[in-house]
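Since every read-out is calculated from the coordinates, none of them should be taken as a lab result. Keep in mind it's a predicted model, so treat the numbers as computed, not measured. All Cβ positions, even for glycine, are placed from backbone atoms using ideal geometry, and neighbour counts span all protein chains on display.
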Amino acid sequence: MCGIVGIVDAGGVSFPLYYALYALQHRGQESAGITTFNGTQLFKHKGQGLVSEVFDASVLSSLKGNVGVGHVRYPTTGAKIPENVQPFNFTFQGKNIAVVHNGNLTNTVELRNYFEEDRGQTFCTTTDTELIGKIIVDELRVSNSMTDAVLACMKKLEGSYSVVVLVDDKVYAFRDPLGIRPLCLGKTHEGHIVCSESVAIDALNGEFIRDVNPGELVTISASGVESVQIAEASSHALCIFEYIYFARADSVIDGQLVYDVRRRIGKSLHLEAPIDADIISPVPDSGTAHATGYSESSGIPFREGLIKNRYMGRTFIMPTQKMRENAVRIKLNPVKKHLNGKSVVLVDDSIVRGTTSRRLVDLVRAAGARAIHMRVGSPAIIAPCYLGVDMPTREELIASKLSCEEVREKIGATTLHHISIESLIRATGHNYDDLCLGCLTGEYPLCIKGEKSCPRHIDFIAGTYQSDLDEFKPKK
Ligand code: AMP
């Protein structure tokens, strides 16, 4: 996962980009970066760590200009090395260019082989983002049109990509034809913003305009916003995990407030698996909205049995299993008075490896709960994600090998229920065909080697791009 943003604003962009990245921090904590353009040159600063660690007021004051892009990174392709920190900056035929990307390409190896072996090109990073830069300049070289360059990208890239590109005094933003990752557009005080989630617009006290459509290219300049639809797919494939876990609850994604989706999931969890209990307790913060829905539907009081130390990062980003296990105890403290002697419905968004749930059940039981009914806001996760969520291999996914009853036993809960796929889809307000459910069904919206798929048909409807697509076929 990653968070991306691009801003054009007559009042300067470095501080707005910083606030926007701060709002998107949940999408990536490994590194952060900003690139701006002041009419003649690029200014850049990036580094490993949280937004607050990478930037300070003096750095931000040195990032001059009214055009800029920013990025927070959670690596899925490419190692955790300084070269891979985005934005990826370069110049081409006198143009200053910076690229930021959220998503994961599934044909990185083929594309990289093509550029290295057939074209003799060098790479500075091991990211898939650099490939997007290469394709863009390859096309600009012949047509000098960003519409054609983005069309070239959409024809050649496979996988998920929401991309923001700065080319001198303009910001271009496009979303893959299936719309797998979110991207939205807003108005700022004296200009416009594109960003992964609407909370970044809120942080600037801006005005949400709309989501960028799948397959659309939006161009922002000092004179306003232009749009061209480059590609249209037979149906879309928004990542279901954005609603379940990844996005902030206060974001609106493709027309749905994430909090509402999670509350509806909680309601359905109650209707599907009602239970007589004393309290509904969320696993904070990821299960909070789901738990309010369960509480409202059941009439059982919502009471926090676990309090989060809000100064600690996500346990998931700990590199080893041992560290992840210990981190749970530091991160969440049980409120004994709320739990002792009680029958508790414990609501969380998802079970991935099962480590967290087992620890939580242990904590809540040790605090005196007499029964722990685990209710989970996602169906069993049975397959890995190839499209940008850090979802482990099948071997590490607890539900890929064990039945629900076996998982219940393993985590030590009294009862365990996962929401059904049907109720989950209803809660999102989208059609089955417009979501990527790969991690839940093992069937993906595009071809992935060795996996089942239900690929969408894509029509390319804009631009004059004509290139021999055969050159991008996998090498033998
Ligand atoms: P576990 O079952 O121990 O792997 O942990 C699952 C918990 O981690 C979930 O309840 C989520 O809150 C969180 N989580 C799920 N998926 C991810 C992810 N891709 N990155 C970070 N945290 C995640």
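Between GLU409 and GLU207, how high is the FRET efficiency from 1/(1 + (r/R0)^6) when r is the Cβ-Cβ distance and R₀ = 51 Å? Nearest 0.05. Before the final figure, lay out the partial values.
Details: r = 51 Å, r/R0 = 1.00.
Calculated value: 0.50.
Across the range 257-444, the relative contact order, built from alpha-carbon pairs under 8 Å that are at least six residues apart, equals 21 percent.
About its Cα centre, the dipole of the range 257-444 is roughly 940 debye, where the only charges are +1 on Lys and Arg Cβ and -1 on Asp and Glu Cβ.
What is the extension gain from SER145 to ASP459, computed as 0.36 nm multiplied by their sequence separation minus the C-alpha to C-alpha distance, in nm to one decimal?
On the way: separation 314, 0.36 × 314 = 113.04 nm, distance 1.97 nm.
Computed gain between SER145 and ASP459 is 111.1 nm.
Arranged by the count of other C-beta atoms within 10 angstrom, fewest first, what order do VAL150, VAL252, VAL389 take?
On the way: VAL150 29, VAL252 21, VAL389 25.
Going from least to most buried by this count: VAL252, VAL389, VAL150.
Computed extension length for ASN431-PHE90: 118.7 nm, one decimal, from 0.36 nm per residue of separation with the Cα-Cα distance subtracted. Roughly what % antiparallel, to the nearest 5, for the DSSP beta bridges in the range 257-444? In the range 257-444, DSSP labels about 15 percent of beta bridges as antiparallel. The residue among SER235, MET312, HIS192 whose Cα reaches farthest toward the positive pole of the charge dipole of the chain, with charges on the beta-carbon of Lys, Arg, Asp and Glu, is MET312. Going from the residue with the fewest nearby Cβ atoms within 10 Å to the one with the most, THR108, THR393, THR35, THR219 rank THR393, THR108, THR219, THR35.
Counting Lys +1, Arg +1, Asp -1, Glu -1, what net charge surrounds HIS71 among other residues with beta carbon under 10 Å of its beta carbon?
Values: positive: ARG27, LYS46, ARG73; negative: none.
Within the 10 Å Cβ shell, the charges total +3.
Bridge orientation summary for the chain: considering DSSP beta bridges with both residues in this region, about 80 percent are antiparallel.
Among PHE302, PHE241, PHE37, PHE123, which comes first, second and so on when ranked by fewest other beta-carbon atoms within 10 Å?
By the 10 Å Cβ count, ascending, the order reads PHE123, PHE302, PHE241, PHE37.
When the chain is described by a simple charge dipole with +1 on each Lys and Arg Cβ and -1 on each Asp and Glu Cβ, the residue from LEU60, SER14, GLY354 located farthest towards its positive end is GLY354. Remark: the range 380-388, residue by residue, has Karplus-estimated 3J(HN,Hα) of 4, 8, 10, 9, x, 9, 9, 10, x Hz, where x stands for each Gly or Pro and the curve is 6.51 cos²θ - 1.76 cosθ + 1.60 at θ = phi - 60°.
Here the gap between VAL59 and HIS189, fully extended at 0.36 nm per residue and compared with their Cα-Cα distance, gives a gain of 44.6 nm. Between ARG370 and SER221, the simple spin-label model (points 7 angstrom out along Cα→Cβ) gives 7.2 nm.
Of the residues LEU387, GLY287, CYS404, the one whose Cα sits farthest towards the positive end of the charge dipole of the range 257-444 is GLY287 (charges of +1 on Lys and Arg Cβ, -1 on Asp and Glu Cβ, taken about the Cα centre). Within the chain, all pairs of alpha-carbon atoms sorted by distance into 10 Å bins from zero give the percentages 4, 20, 30, 25, 14, 6, 1, 0. Here the relative contact order of the chain, from alpha carbon pairs under 8 Å that lie six or more residues apart, stands at 14 percent.
Could you work out [θ]222 nm for the chain from helices alone, using -39500 (n - 2.57) per DSSP H run of at least four and dividing by all its residues? Round to the nearest 500 deg cm²/dmol.
Calculated mean residue ellipticity at 222 nm is -7500 deg cm²/dmol.
Treating the range 257-444 as a set of equal point scatterers at the Cα positions, no solvent, please give the Debye-formula log₁₀ I(q)/I(0) at q = 0.16, 0.19, 0.20 Å⁻¹. Each listed q corresponds, in turn, to -1.00, -1.42, -1.54. Spacing of the modelled spin labels on LEU257 and GLU117, each 7 Å from Cα toward Cβ, amounts to 5.3 nm. If only the Cβ of Lys and Arg carry +1 and only the Cβ of Asp and Glu carry -1, the dipole of the chain around its Cα centre is close to 1780 debye.
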